[in-house]
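A short worksheet on the structure shown next.
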Amino acid sequence: MTASRRRNICTTSRSSSRVVNSGRTPTTRTDGTSRPTASTCSSKSLSLDDSSLLDDSCLPQMIIFDLDNTLWTPELYQLRSLQRQKNAMPRAGIDVDLFPGARAVIDSIRSDEGGRWSNVRFAVASRTKSVEWAHHLLDQFGIRDIFDHVEIFPGDKIAHFNNLREKSGIPFERMIFFDDARHGRYGNCVPVSRLGVLSVHTPGGL
């Protein structure tokens, strides 16, 4: 993972909560509104190529990715024309695309067999209602094999993370989570960070 994108480490209302903000420009929803950014957060900036972050002792034990508007775009709920077609499935690379950063991350994981990421587990945590579509796209993009755990069901991301901790035995404090939704009704980063998970806000995807 060689991205040199600048990020700000931000704290939420609880001292144990940690949310890191991505510097990528947020995408605009179909209703004209954009996802919230953390521009009001203030603290030191750092780069992911900072040597202190490359120390293997600092690596998380599990890296978790959201799907919609984090690994791929558009969000599955936006595929309304497909939803009106009986038994229709979204097509990888046509209806839905991986973000360039997501491709780079996946390529980095695959090319690192036996390397520094070999002891890190990877997971998906998505609360999309289009569960079948999401599983279908993981297969179509050919990326399911890199994930040790896949949690896809609507509801609360806290349930996803409780499942991940129970199944893996990895404590929340040794996880890092990437998601495009920070807070509010559909927010994920802030509530998950309250568990002790380092959450990275990616409003424009990876």
Restricting attention to the stretch 61-81, the residues that are touching a residue at least 40 places away in the same chain (Cβ under 8 Å) and not in a loop (DSSP other than H, G, I, E, B) number exactly 10
- Task: Answer with yes or no whether V150 is closer than 14 Å to L71 by Cβ, open to solvent by 30 Å² or more (accessible area, probe 1.4 Å), among the β-branched types (V, I, T) and outside any helix (DSSP H, G or I).
- Result: yes
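The values are calculated or read from the model by the stated rules, or taken from the named source; none is laboratory data. Worth saying up front: this structure is predicted, and the values here are computed from it rather than measured. Every residue, glycine among them, receives a Cβ derived from its backbone with ideal geometry; neighbour counts consider all protein chains shown. Side chains included, ligands, DNA and RNA excluded: accessible areas come from the protein's heavy atoms. Shrake-Rupley method; radii C 1.70, N 1.55, O 1.52, S 1.80 Å.
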